[in-house]
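Written out below as structure tokens is the structure these notes cover.
The values are calculated or read from the model by the stated rules, or taken from the named source; none is laboratory data. The shown structure was predicted, so the numbers you read here are calculated from the model rather than taken from an experiment. Glycine also receives a Cβ, built like all others from the backbone with ideal geometry; neighbour counts cover every protein chain displayed. Surface accessibility is based on the protein's heavy atoms, side chains included, excluding ligands, DNA and RNA. Shrake-Rupley method; radii C 1.70, N 1.55, O 1.52, S 1.80 Å.
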Amino acid sequence: IATALASTRMSALAQDRVIKVGTLKLIHGITPYFYEKFLPAGMKVEVIPFESPTDGKNAVATGSVDFGIYGLAAATLGGANGEPIVVIGAACNRGMAVVAGKDAPINSIKDLKGKKVAIWPGSTQEVVILDRLSAEGMTINDIQSVRVSFSDMAPALARGDIDAYVGAEPGPGISLANGVGKIVEYPYSTPTGSLNMVLTTRREMIEKDPELIRTLLKIHRKASEYAMSDREAFVAMAAQKLGQQKPSIEKAAPNVELTWKIDDLFLKQAEYYGSQMLSKKQIRQLPDYKTFIDSSFVKSVEGT
């Protein structure tokens, strides 16, 4: 009887296990909405959307969520500041674009000189565009940088409030679909490549419940691979969760690669990215990459 009661209590506890996952309100943050298809018995997931990468990072650091998906910039900032942020997987490559008004005389990065350009501070896009400007012999002082959130960039361009923006999907897709914007560049030519968003947790979770992390990463892998293999399901989910029209999502989808794996290229690009943040004084020191990025969980689920 005691054994049966103990088993019943354990089963009830397992059924009550709710995993909180934060993600950005962007098409390349859509993976957690597919987690439900791959959850083991006794586990539920609550997806909490965030407007900004910093909000997502802070939620992970404080334990408001168990896992978080947001840009590498915010994660690196947290790691450099000594916050208990650990990157345990990749989440998305690509998903960025420099967009200008359809009829604007802006066809290259150099053409942004003197123009009003929307950039979200503290984002991966900010670091990437600073690198691209540098490659063209320019600095941030050569443009009129305007602080605009990702979700407001496409509407701001449509209103004529800005000349261009360095955005995140589905913003560029929206601008293309409504005929307002054009792609100036997909800014993947820097050594950062197309690396964009990452899957994170806090250090306490690694120390106390590594098995949960392995379980979550298996779910994350299956969800990202499923979404990439079924474009129709991907577009439908993104349209539903983001409240966007299907044509906008269809324009954005080809510029998004949902992923999960940390490999040698990921590590090389992430460290280069950190060096760019340091050189631009966005961080005072580099994070300790030996602990900031933990690829052991990815390795443990490879081949499973």
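Go through the residues of region 189-202 one by one and say whether even a single one is open to solvent by less than 50 Å² (accessible area, probe 1.4 Å), more than 17 Å from the chain's Cα centre (by Cα) and closer than 26 Å to G114 by Cα.
Taking every residue of region 189-202 in turn, at least one turns out to be open to solvent by less than 50 Å² (accessible area, probe 1.4 Å), more than 17 Å from the chain's Cα centre (by Cα) and closer than 26 Å to G114 by Cα.
Confirm whether G29 is modelled with pLDDT under 95, under 24 Å from P172 (Cβ atoms), crowded, with 21+ Cβ neighbours inside 10 Å and not aromatic (F, W, Y).
The answer is yes for G29.
Of these, E225, E169, E211, which one is among the acidic types (D, E) and without any contact (Cβ under 8 Å) to a residue 12 or more places away in the chain?
Selected residue: E211, the only one of E225, E169, E211 that is among the acidic types (D, E) and without any contact (Cβ under 8 Å) to a residue 12 or more places away in the chain.
Just checking, how many residues over region 215-254 are open to solvent by less than 60 Å² (accessible area, probe 1.4 Å), of a type in the set (S, T, N, Q) and modelled with pLDDT of 95 or more?
Of the residues in that region, 2 qualify.
Can you tell which of Q240, Q285, Q269 is assigned to a helix (DSSP H, G or I), touching a residue at least 24 places away in the same chain (Cβ under 8 Å) and not hydrophobic (A, V, I, L, M, F, W, C)?
The conditions single out Q269.
For region 74-165, please list each of the strands (runs of 3 or more DSSP E) lying entirely inside it that holds at least 3 residues being open to solvent by less than 20 Å² (accessible area, probe 1.4 Å) and within 30 Å of I219 (Cβ to Cβ).
Strands (runs of 3 or more DSSP E) meeting the threshold: 85-94.
Could you tell me which of the residues T215, T201 is part of a strand (DSSP E or B), within 20 Å of K44 (Cβ to Cβ) and not basic (K, R)?
Exactly one of T215, T201 is part of a strand (DSSP E or B), within 20 Å of K44 (Cβ to Cβ) and not basic (K, R), namely T201.
Among the residues of region 37-54, what is the count of those that are modelled with pLDDT under 95, in a helix (DSSP H, G or I) and out of contact with any Phe, Trp or Tyr (no Cβ under 7 Å at 6 or more places or on another chain)?
1
Specify which of the listed residues (I183, I206) is in contact with a Pro (Cβ under 8 Å, 6 or more places away or on another chain), open to solvent by 10 Å² or more (accessible area, probe 1.4 Å), touching a residue at least 40 places away in the same chain (Cβ under 8 Å) and of a type in the set (V, I, T).
Of the residues listed, the single one that is in contact with a Pro (Cβ under 8 Å, 6 or more places away or on another chain), open to solvent by 10 Å² or more (accessible area, probe 1.4 Å), touching a residue at least 40 places away in the same chain (Cβ under 8 Å) and of a type in the set (V, I, T) is I183.
Checking G303 against (1) open to solvent by 50 Å² or more (accessible area, probe 1.4 Å); (2) in contact (Cβ under 8 Å) with a residue 24 or more places away in the chain; (3) not in a helix (DSSP H, G or I), only one condition comes out false. Which one?
All conditions are met except number (2).
Return the residues of region 99-133 that are out of contact with any helix residue (DSSP H, G or I) (no Cβ under 6 Å at 6 or more places or on another chain), under 12 Å from F150 (Cα atoms) and at pLDDT 95 or above; say none if nothing qualifies.
Residues satisfying the conditions do not exist here.
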